Amino acid sequence: MNPIIFNLEKLPDWFGVLPEIILLVFAALVIILDLFVSQKKILAAVSLIGIIASGALSLGFWGTELSFFNGLILTDSFAVFFKLLFLGVSFLIVLASEDYVNSFRRLQGEYYALLLLATTGMMLMAGAGDITTVYVSLELTGISLYALTGFLKDRKSTEAALKYLLLGAIASAVLLYGLALIFGITGKTGLGEIARAVQAQLSGSASVSPALFLGLVLLIAGFGFKIASIPFHMWVPDVYEGAPTTVTAFLSVASKAAGFAIIMRVITSVFAAPDWLARDWATVFAVLSVLTMTAANIVAIPQSNIKRMLGYSSIAQAGYLMVGLAALGSSPFPGALAGMSPAQSGVLFFLASYAFTNLGAFTAITIIAQKIGSDEIADYAGMGRRSPLLALALTFCLVSLIGIPPASGFMAKFYIFRAAVQADLLWLVIIAVINSVISAYYYLRVVKVMWLESPPSAEKVPSSALPTVSLAVSCLGVLALGTIPGLIMKLAEMVNQFMP
Amino acid sequence: MGLAAAFWVMAVFAVAAALLVVSLRNIFRTALALIVCFIAVAGLYITLSADFLAAAQILVYVGAISVLIILAIMMTREVRQGNPANRPLKLPVLAVAVVLLGLLVYVVVASPWQVSGTPPLAPTTGPLSRLLFGSQGYVLATEICAVLILAAILGAIVLAKEKEE
């Protein structure tokens, strides 16, 4: 099982962040090359090579359980899973950006560099083992994404960037306050040390100290912003609509996955013991989940802009994911064994499925918007005749978002809901299923407009090669996860065996 | 005893200045009150034996951020226009602030904080640098901050570049 051939005692600290360092080097390379090359497609190629190199190095840490820099960074299978997810997403985004970058021709170097930097930040988040690295990697991701949001430099895009920056700064402040309170009450910064200190303080008592309680609440609020859970979602509709579509796709997939990675790293494993503490935050996640799913699905119905609609849809998806978090805290075997629960592998599977599905949907939208110059759902009329394959791909992704087989969204919901039922959360599953039915209404409306309404013109909607490849890969991923889910589930369960 | 007295004097200054920041109508005076608040907080740090933090507070907040704020005011609006305060929200905001204050005071008073027990170091610069840059400390977090600044510079370039035609 252990693929490491080096002497573990002698590994230098920088070895633990080698994948991130490689990605950084390529980001710097992109910035420098940007000055000299006139053919900007080279920058995309360099980014892709960097992502592949970083992914290959990350893979080398699969199955290990090492910590570097005195525990500041961990390289376990959990981290590797997320690193590969982030790298995969940014790979597909770079591919999908081929035509889109023409809307900001002069800023292409910065675009690819910031994309790589944001990915670096997310990879560090997945491996963070200390509240200091949690915070700075979160900020690295945040700053890169704020800038990327404003790339179009028109009114909407600038407003989106400003809103994202301001609300993001408040969320960071809230998170930092929570981290400070937890440090004050435990006196530790390492996640493992904090878990032990909390366990020692709470063993035998039946209530938390006010500081720990408030700290936990503030952490959930701060991370809730990242995963766009209601009521911390105010930024989503405007930012998703205003940001460049490729960036919106990146935000809705990678940034959300990073939020869940950090929640599972910080909240659901550090505060997993004693049982009643786990059940406390599980209840919070259950309530947030109900709010998030229901409100987002209802607000999504009247949306006429497809980016906004998918924005609300992605909030709703975070709601389903939180069902998994609630199950994680109230599962029958919490505590030290929480990492082994099916809820966690369910969340990981859902995130992988959601990544392919949403990326596919957004790539299709990017291609369509590039040709018809609109994001309004009404303008998608007759897309089924103008560009059958494109419409088919988008339909398939929307079907997956509803959760209908054979698309992966079905298996994803199945795993999470099954874990929740096992954790005695039947009521939550019922609400989630009702919500899935509501969501079918607005997803299928797009499908209806595309296939049943007559097109305004018979002109075909052609697409260029690379975005199409990206779309095809996403759809294949959705299909593969939906038809042979056992494979990735095996991987997700292997991740759990190595969670601390 | 002297330190404790200084602490409370600084605390009163900081709170009073902060209240002025939110209540003054003139946005330029608000900025000046904010500077007073920053200095008072630096004073708090000194009375708590955090000498390096106090110096950093003066350099970064009083030195750089205040200048930035005042420049931003000068360049974006007529100073005489005053503070565009959102009047209808005043009471709810006050209520939220008071509740939050009560909550935080309760948390501070009622929680069993971890106290190290060792006397404060003087000066703190050496040990801090070992924590930030030493191999046994938080050097990785410091390095990530460097990358963060790179990302921020790239973002600033993007914002500053004129829109292409």
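The values are calculated or read from the model by the stated rules, or taken from the named source; none is laboratory data. Predicted model only: the values in this text are computed from it and were never measured. We place every Cβ from the backbone using ideal geometry, glycine too, and count neighbours over all the protein chains shown.
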Checklist entry - Hey, does the stretch B:52-69 have a residue that's touching a residue at least 60 places away in the same chain (Cβ under 8 Å) and within 19 Å of B:Met10 (Cα to Cα)? => result yes
Checklist entry - Of all the residues that make up the stretch A:439-451, how many are more than 23 Å from the chain's Cα centre (by Cα) and in contact (Cβ under 8 Å) with a residue 24 or more places away in the chain? => result 8
Item to check | Scan of the stretch A:206-232 for residues that are in contact (Cβ under 8 Å) with a residue 60 or more places away in the chain and either among the charged types (D, E, K, R) or crowded, with 24+ Cβ neighbours inside 10 Å (or both), ordered by number | outcome: A:Gly224, A:Lys226, A:Ile227, A:Ala228, A:Ser229
Next on the checklist: Anything in the stretch A:29-69 that is under 19 Å from A:Leu117 (Cβ atoms), in contact (Cβ under 8 Å) with a residue 12 or more places away in the chain and among the small types (Gly, Ala, Ser)? List them, or say none.
Outcome noted: A:Ala44, A:Ser47, A:Gly50, A:Ala53, A:Ser54, A:Gly55, A:Ser58
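Could you tell me whether A:Leu72 is under 19 Å from A:Ile267 (Cα atoms) and either free of Cβ contacts under 8 Å to residues at least 60 places away in the same chain or within 12 Å of chain B (Cβ to nearest Cβ) (or both)? Quick ask: steps written out before the conclusion?
Working: under 19 Å from A:Ile267 (Cα atoms): yes; either free of Cβ contacts under 8 Å to residues at least 60 places away in the same chain or within 12 Å of chain B (Cβ to nearest Cβ) (or both): yes.
Criteria met by A:Leu72.
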Checklist entry - What do you reckon, is A:Ala316 modelled with pLDDT of 90 or more and more than 30 Å from A:Ser90 (Cβ to Cβ)? => result no
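Taking the stretch A:95-113 as the search range and keeping residues that are within 7 Å of chain B (Cβ to nearest Cβ) and either without any contact (Cβ under 8 Å) to a residue 60 or more places away in the chain or of a type in the set (S, T, N, Q) (or both), which one is farthest from A:Leu162 (Cα to Cα)?
To start, the set of residues in the stretch A:95-113 that are within 7 Å of chain B (Cβ to nearest Cβ) comprises A:105-107, A:110, A:113.
Retained after the next criterion (residues that are either without any contact (Cβ under 8 Å) to a residue 60 or more places away in the chain or of a type in the set (S, T, N, Q) (or both)): A:106-107.
Values: A:Arg106: 21, A:Leu107: 19 Å.
Applying the filter and picking the extreme gives A:Arg106.
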Checklist outcome for this item: Conditions (1) within 13 Å of chain B (Cβ to nearest Cβ); (2) assigned to a helix (DSSP H, G or I) -> A:Gly192 fails only (1)
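Being over 18 Å from A:Pro244 (Cα atoms) and surrounded by fewer than 22 Cβ atoms within 10 Å (Cβ to Cβ) is the filter here, so list the residues in the stretch A:140-167 that pass it.
Just the residues of the stretch A:140-167 that are over 18 Å from A:Pro244 (Cα atoms), to begin with: A:140, A:166-167.
Matches in the stretch A:140-167: A:Leu166, A:Leu167.
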Item to check | Breaking point among (1) surrounded by fewer than 12 Cβ atoms within 10 Å (Cβ to Cβ); (2) within 11 Å of another protein chain (Cβ to nearest Cβ), for B:Leu150 | outcome: (1)
Item to check | Test: A:Ser205 is over 25 Å from B:Leu132 (Cβ atoms), touching a Pro at 6+ places or on another chain (Cβ under 8 Å) and not aliphatic (A, V, I, L, M) | outcome: no
Checklist entry - What are the residues in the stretch A:153-177 that are at pLDDT 90 or above and of a type in the set (Lys, Arg), if any? => result A:Lys163
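Going by what's in this entry, would A:Glu139 be described as away from chain B (no Cβ under 11 Å), of a type in the set (Asp, Glu) and not in a loop (DSSP other than H, G, I, E, B)?
Details: away from chain B (no Cβ under 11 Å): no; of a type in the set (Asp, Glu): yes; not in a loop (DSSP other than H, G, I, E, B): yes.
Criteria not met by A:Glu139.
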Item to check | Scope the stretch A:418-441; condition in contact with a helix residue (DSSP H, G or I) (Cβ under 6 Å, 6 or more places away or on another chain) and farther than 16 Å from A:Thr292 by Cβ; matching residues | outcome: A:Ala419, A:Val421, A:Ala423, A:Ala440
Checklist entry - Does B:Ala31 meet the test of being more than 28 Å from B:Pro120 (Cβ to Cβ) and part of a helix (DSSP H, G or I)? => result yes
Next on the checklist: Please count how many residues of the stretch A:71-93 are of a type in the set (Ser, Thr, Tyr), farther than 26 Å from A:Ala361 by Cα and surrounded by 24 or more Cβ atoms within 10 Å (Cβ to Cβ).
Outcome noted: 1
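In the stretch A:103-117, is there at least one residue being assigned to a helix (DSSP H, G or I), aromatic (Phe, Trp, Tyr), buried (at least 22 other Cβ atoms within 10 Å of the Cβ) and in contact with a Pro (Cβ under 9 Å, 6 or more places away or on another chain)? Lay out the reasoning, then the answer.
Residues of the stretch A:103-117 that are assigned to a helix (DSSP H, G or I), as a first pass: A:103-117.
Add one more test, that the residue is aromatic (Phe, Trp, Tyr), and what stays is A:104, A:111-112.
Still in the running and buried (at least 22 other Cβ atoms within 10 Å of the Cβ): A:111-112.
Filter once more, keeping what is in contact with a Pro (Cβ under 9 Å, 6 or more places away or on another chain): A:111.
Scanning the stretch A:103-117 turns up at least one residue that is assigned to a helix (DSSP H, G or I), aromatic (Phe, Trp, Tyr), buried (at least 22 other Cβ atoms within 10 Å of the Cβ) and in contact with a Pro (Cβ under 9 Å, 6 or more places away or on another chain).
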Checklist entry - Restricting attention to the stretch B:73-89, does a residue exist that is at pLDDT 90 or above and either assigned to a helix (DSSP H, G or I) or among the acidic types (Asp, Glu) (or both)? => result no
Checklist entry - How many of the residues making up the stretch B:114-138 are surrounded by 12 or more Cβ atoms within 10 Å (Cβ to Cβ) and closer than 30 Å to A:Val208 by Cβ? => result 4
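Per-residue answers, yes or no, for (1) assigned to a helix (DSSP H, G or I); (2) out of contact with any Cys (no Cβ under 6 Å at 6 or more places or on another chain); (3) modelled with pLDDT of 85 or more; (4) within 14 Å of chain A (Cβ to nearest Cβ):
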{"residue": "B:Gly102", "(1), (2), (3), (4)": "yes, yes, yes, yes"}
{"residue": "B:Val115", "(1), (2), (3), (4)": "no, yes, no, yes"}
{"residue": "B:Pro119", "(1), (2), (3), (4)": "no, yes, no, no"}
{"residue": "B:Pro127", "(1), (2), (3), (4)": "yes, yes, yes, no"}
{"residue": "B:Leu131", "(1), (2), (3), (4)": "yes, yes, yes, yes"}
{"residue": "B:Leu140", "(1), (2), (3), (4)": "yes, yes, yes, yes"}
{"residue": "B:Lys163", "(1), (2), (3), (4)": "no, yes, no, yes"}
Item to check | Selection status of A:Ser38, in a loop (DSSP other than H, G, I, E, B) and surrounded by fewer than 21 Cβ atoms within 10 Å (Cβ to Cβ) | outcome: yes
Checklist entry - Considering the stretch A:195-205 alone, what residues qualify as being more than 15 Å from A:Ile263 (Cβ to Cβ) and either hydroxyl-bearing (Ser, Thr, Tyr) or surrounded by 17 or more Cβ atoms within 10 Å (Cβ to Cβ) (or both)? => result A:Ala197, A:Val198, A:Gln199, A:Leu202, A:Ser203, A:Ser205
Checklist entry - Hey, does the stretch A:145-159 have a residue that's touching a residue at least 40 places away in the same chain (Cβ under 8 Å), within 12 Å of another protein chain (Cβ to nearest Cβ) and under 21 Å from A:Thr132 (Cβ atoms)? => result yes
Checklist entry - Counting just the residues of the stretch A:117-136 that are at the interface with chain B (Cβ under 8 Å from one of its Cβ atoms) and of a type in the set (S, T, N, Q), which one comes out farthest from A:Lys83 (Cα to Cα)? => result A:Thr132
Next on the checklist: Pairs please, first residue from the stretch A:268-296 and closer than 11 Å to A:Gln199 by Cα, second anywhere and among the aromatic types (Phe, Trp, Tyr), Cβ atoms under 8 Å, 6+ apart in sequence or on different chains.
Outcome noted: A:Phe271/A:Trp281; A:Leu277/A:Phe271
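Can we say A:Thr245 is crowded, with 22+ Cβ neighbours inside 10 Å and either more than 14 Å from chain B (Cβ to nearest Cβ) or touching a residue at least 12 places away in the same chain (Cβ under 8 Å) (or both)?
Details: crowded, with 22+ Cβ neighbours inside 10 Å: yes; either more than 14 Å from chain B (Cβ to nearest Cβ) or touching a residue at least 12 places away in the same chain (Cβ under 8 Å) (or both): yes.
Answer is yes for this residue.
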Item to check | Residue match in the stretch B:48-71 (condition: part of a loop (DSSP other than H, G, I, E, B) and either at pLDDT below 85 or on the phi < 0 side of the Ramachandran plot (or both)) | outcome: yes
